[in-house]
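One structure is given below, encoded as structure tokens.
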Amino acid sequence: MNSIDIFEAARPRLLGLAYRILGSRADAEDAVQDTFVKWQEADQKAIETPAAWLTTACTRRCLDLLKAAHRKRVDYVGAWLPEPIHTASEDNAEEKLALTSSLTTAFLLMLERLTPKERAAYLLHEIFGQPYEEVAETLDMQEAAARKLVSRAKSNIGVQKSRHQTPRERQDELLSAFHAAIHGGNIAGLSSLLSADVRLTADGGGKVATVLGVLAGKETVVAFIADRLTEYWAHYTWEIAEINGGRGIVLRGEDENDIAASVSFGYDGDGNVNDIFIVRNPDKLTHLGDAAVH
């Protein structure tokens, strides 16, 4: 394999890692491209394990970008949500499902609780299966320190809860109920699938009108859907899609290329919806139709 073939073979994994660290496909693509440039400039003959070298270079670039992203979020208008991405669903192997579960919006928001290095260490070890020795080398620290980072990360996020796999049938039942609520006024059917403490979070980035705060509690969320969304969303075309590792909705305007919003969901251990995530920021919807992230 020549140098370009080696990089292209690693690209899907690098993109998946970068997206999980940064929460933005656009930034992840930049990180991967910067890694490619660095790879082309490197003395490749002296690199014994190209995959490990590329992972290290990409991770370190992501950590640099993450610092800049956090500074920008200080001035972000309203709630911030990760950029929605299309995810593949054709492979149901257990390891693929486990990998996909780390792409859910709920899980990515859990990662926001961590420091940048905690996030990177956790993802490298727990999601991508790197041994602690390689994690330590990537993050330029002792192995004991890398182990502590992963341990702290695991204690700071509810891993089992956040990566719970809700059956596809249950997700489809929710989508049908949501559609019936918006277009048919059947709010009761949707309400029965929501947890008592369900939250609705909308990200408009200050560029489009949307609710600024997080709506919490079934009564409040159901009222918002019945009183506001049934009016605002009735004229959109609905498209069922695989979004961030689960069944979601893409709302399109009259122009099929005009994506008005994406909707994804979080579920509790009983299969009830405990989070509704709506992204309306147009900048975050640009890449929704791109190739799937793994």
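Grab the eigenvalues of the alpha-carbon gyration tensor for the range 174-292, scale each by 5, take roots, and send me the semi-axes largest first in whole angstrom. It would help to have the intermediate numbers written out before the result.
Working: eigenvalues 94, 48, 43 Å².
After scaling each eigenvalue by five and taking roots: 22, 16, 15 Å.
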From most to least accessible, 1.4 Å probe, no ligand or DNA/RNA atoms counted, H125, H294 line up as H294, H125
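Nearest 5 is fine: what % of DSSP beta bridges in the chain come out antiparallel, could you say? The partial results should precede the final answer.
On the way: 20 of 27 bridges.
If we restrict to bridges inside the chain, about 75 percent are antiparallel.
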Can you tell which of Q130, Q171, Q142 shows the greatest fluctuation in a Gaussian network model of the chain with Cα springs below 10 Å? Q142
Convert each backbone phi in the range 284-290 into a coupling constant with the Karplus relation 6.51 cos²θ - 1.76 cosθ + 1.60 (shift: θ = phi - 60°), then list the ³J(HN,Hα) values in order as whole Hz, x for Gly and Pro. 8, 9, 4, 9, 5, x, 6
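Within the P(r) computed for the chain, what percentage of the Cα pairs occupies the region above 29 Å?
Numbers: 15603 of 43071 pairs.
Tail fraction, whole percent: 36.
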Could you work out which residue, out of N281, N186, N257, moves most in a Gaussian network model of the chain, that is, has the largest mean-square fluctuation with Cα springs under 10 Å? N257
Carbon/sulfur accessible area of the chain, % of total, 1.4 Å probe, equals 48
Give, in nm to one decimal, the length gained when the segment between D227 and V208 is fully stretched (0.36 nm per residue of separation minus the Cα-Cα distance). 4.9 nm
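Hey, can you find the accessible area per residue of the chain for me, probe 1.4 Å, expressed in square angstrom?
Numbers: 14120 Å² over 294 residues.
With the other protein chains kept in place, the chain gives 48 Å² per residue.
Kindly identify the range 1-105 as rounded, prolate or oblate by the Cα gyration tensor criterion: order the square roots of the eigenvalues as a ≥ b ≥ c, call it rounded if a/c is under 1.5, otherwise compare a/b with b/c, prolate if a/b is larger, else oblate. Kindly include the intermediate steps, with their values, before the conclusion.
On the way: a/c = 2.70, a/b = 1.28, b/c = 2.10.
Oblate.
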List, in order, the whole-Hz ³J(HN,Hα) value for each residue of the range 171-176 obtained from phi through the Karplus relation with A = 6.51, B = -1.76, C = 1.60 and θ = phi - 60°; use x for Gly and Pro. 5, 5, 4, 5, 4, 5
Out of S155, S102, S191, any idea which swings most in a Gaussian network model of the chain, alpha carbons joined below 10 Å? S155
Run down the lysines and flag those whose C-alpha is under 18 Å from the C-alpha of K154, throwing out any fewer than 8 positions away in its chain. K117
If one compares the long axis through the Cα atoms of helix 25-41 with the longest principal axis of the Cα atoms of the chain, the angle in degrees, nearest 10, works out at 10
Of all chymotrypsin sites (Phe, Trp or Tyr not before Pro) in the range 1-87, the ones in DSSP coil with at most 14 other Cβ atoms within 10 Å are Y76
For N186, distant residues with modelled amide H under 5 Å away: A181
Area of E126 that stays accessible when all protein chains are in place (1.4 Å probe, Å², to 10): 70
Between the Cα axis of helix 143-156 and the main Cα principal axis of the chain, the angle (0 to 90°, nearest 10) is 0
Can you give me the C-alpha center-to-center distance between the range 101-177 and the range 1-71, rounded to a whole angstrom? 19
Mean separation of Cα pairs under 8 Å and 6+ residues apart, divided by the residue count of the chain: what relative contact order is that in percent? 22
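The values are calculated or read from the model by the stated rules, or taken from the named source; none is laboratory data. Being a predicted model, the structure only gives us computed values, none of them experimental. Neighbour counts run over all protein chains shown; Cβ positions are idealised from the backbone, glycine included. We work out accessible area using only protein heavy atoms, side chains counted, and drop any ligands, DNA or RNA first. Shrake-Rupley method; radii C 1.70, N 1.55, O 1.52, S 1.80 Å.
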